[in-house]
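Please see the structure below; I have some questions.
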Amino acid sequence: MRIKVDEQLAEAAVLGGAFFGGGGGGDLREGLKHAKLAIELGEVVIKDVDSIPKDKYIATASMVGAPAAKERHLLPIHAIKSTELFMNVAGVPLGGLISSENGGYSTINGWIQSAVLGIPIVDAPTDGRAHPAAVMGSMGLHKLPDYLSIQTAVGGNKEKGKYIEVIVKGSLERAAKMIREAAVQAGGLVAVTRNPVAPDYVKENAAVGAVSQAIEVGKIMQGNISNPEQMVERIIKYLGSGKIIDKGEIEHVALETKGGFDIGRIIVKGSTVEKYEITFWNEFMTLEDAEGRRYGTFPDLIVMVDLQTGLPLTSAEVKRGDRVLLVVIPKEYLVLGAGVKDPDVLKLVEQVIGKKIV
């Protein structure tokens, strides 16, 4: 498979990616802007993992940080610099880039580097939905005791003295913590290139085909965005399962940016149930009603669709008064990577939000 990205396909990828963001995955508007920039800068080509030579390596491109951080400052040049640094220090031939996840921005992670540096995008993001912790997007590499993680991060505003370039080598979890701290020091967000692996490892452990799936969902959105309920019903039919839980109005948003993450909860006044509570750790983690009935639990995909625009909302942008559809897609109908299937990894969510996950 070889797909040359044009503007219409880029829009579909970003829209569909935003749906799979599940409250995270970055800013859709920035995603649209930078997807267009990428195809103006050069050729963005998406290939399947079997097209990557066995003697080449695949690295992950991502953003790390808190989307709501007020001093975040991340430019396209930061993403390019991150991958150039990685290529200088990794010492392996790079044959492709994969995104860390699907999301309104993160589906296009690596696209600018692809256009400028001539490295293809591989249709196998580490995860098919957005997630908060780097270990969730590391394809189970944390379970390999001898694996040396190589990560490079760039971001921050030079004029404010926050610009930073970081190169880290070490155990995956320690390296990820260093990169998260780099995001904090940069004002909230950094561009990251990390974790070289062989194509066969990606094929076995990543969310193979999840970019193509996001594009197909995006095409449904392009054709139905003026009717959000119809749009969601058609997405559910395409995915094979899911449910519109209710429609309602945002009553309260509590958000704290802490340790490079956005953490909090949202209260929604429903039309069939009086109140719902959504907890989030960047992404939406749980959806419950006032009686404690649970409708969705990460890595289920909990989506909040703005009834005015038809666009999925992130936890960083939800505000009081928004009219929304609450949607849940069960995890069994998502293309997921190994990183969010590990019960030990999912227990991290419990520690952060104080709710039962596993």
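The values are calculated or read from the model by the stated rules, or taken from the named source; none is laboratory data. The shown structure was predicted, so the numbers you read here are calculated from the model rather than taken from an experiment. Here Cβ is always computed from backbone atoms with ideal geometry, including for glycine, and neighbour counts include all displayed protein chains. Areas reflect the complete protein model, heavy atoms only, side chains present, ligands, DNA and RNA absent. Shrake-Rupley method; radii C 1.70, N 1.55, O 1.52, S 1.80 Å.
Quick grid of which residues meet (1) within 21 Å of the chain's Cα centre (by Cα); (2) over 18 Å from Met221 (Cβ atoms):
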position	(1), (2)
Phe284	yes, yes
Thr297	yes, yes
Asp300	yes, yes
Gly321	no, yes
Val335	yes, no
Gly339	yes, yes
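Which residue, of Glu251, Glu233, Glu216, is of a type in the set (Asp, Glu) and either free of Cβ contacts under 8 Å to residues at least 24 places away in the same chain or touching a helix residue (DSSP H, G or I) at 6+ places or on another chain (Cβ under 6 Å) (or both)?
Glu233
Looking at the range 262-287, which of its residues are among the acidic types (Asp, Glu), crowded, with 17+ Cβ neighbours inside 10 Å and either free of Cβ contacts under 8 Å to residues at least 40 places away in the same chain or part of a loop (DSSP other than H, G, I, E, B) (or both)?
None - no residue of the range 262-287 is among the acidic types (Asp, Glu), crowded, with 17+ Cβ neighbours inside 10 Å and either free of Cβ contacts under 8 Å to residues at least 40 places away in the same chain or part of a loop (DSSP other than H, G, I, E, B) (or both), so the list stays empty.
Using the structure shown, decide if Thr297 is crowded, with 16+ Cβ neighbours inside 10 Å, of a type outside the set (Gly, Ala, Ser) and either touching a Gly at 6+ places or on another chain (Cβ under 9 Å) or at positive phi (or both).
no
Same structure, new question: What pairs can you find where one residue is in the range 301-320 and modelled with pLDDT under 95 and of a type in the set (Gly, Ala, Ser), the other is assigned to a strand (DSSP E or B) and open to solvent by less than 10 Å² (accessible area, probe 1.4 Å), and their Cβ atoms are less than 6 Å apart, with a gap of 6+ or different chains?
Ala316/Asp262
Mind telling me which of the residues Val116, Val135 ends up being under 25 Å from Leu313 (Cα atoms) and open to solvent by 10 Å² or more (accessible area, probe 1.4 Å)?
None of the other options fit; the residue is Val135.
Also: Would you point out the residue of the range 330-354, among those that are part of a loop (DSSP other than H, G, I, E, B) and not β-branched (Val, Ile, Thr), that is nearest to Ile245 (Cα to Cα)?
Pro330
Quick one: which residue in Ala186, Ala176 is buried (at least 21 other Cβ atoms within 10 Å of the Cβ), out of contact with any Phe, Trp or Tyr (no Cβ under 9 Å at 6 or more places or on another chain) and of a type in the set (A, V, I, L, M)?
Testing whether each residue is buried (at least 21 other Cβ atoms within 10 Å of the Cβ), out of contact with any Phe, Trp or Tyr (no Cβ under 9 Å at 6 or more places or on another chain) and of a type in the set (A, V, I, L, M) leaves just Ala176.
Could you check, for the range 304-314, whether at least one of its residues is open to solvent by less than 60 Å² (accessible area, probe 1.4 Å), β-branched (Val, Ile, Thr) and under 18 Å from Lys269 (Cβ atoms)?
Yes, some residue in the range 304-314 is open to solvent by less than 60 Å² (accessible area, probe 1.4 Å), β-branched (Val, Ile, Thr) and under 18 Å from Lys269 (Cβ atoms).
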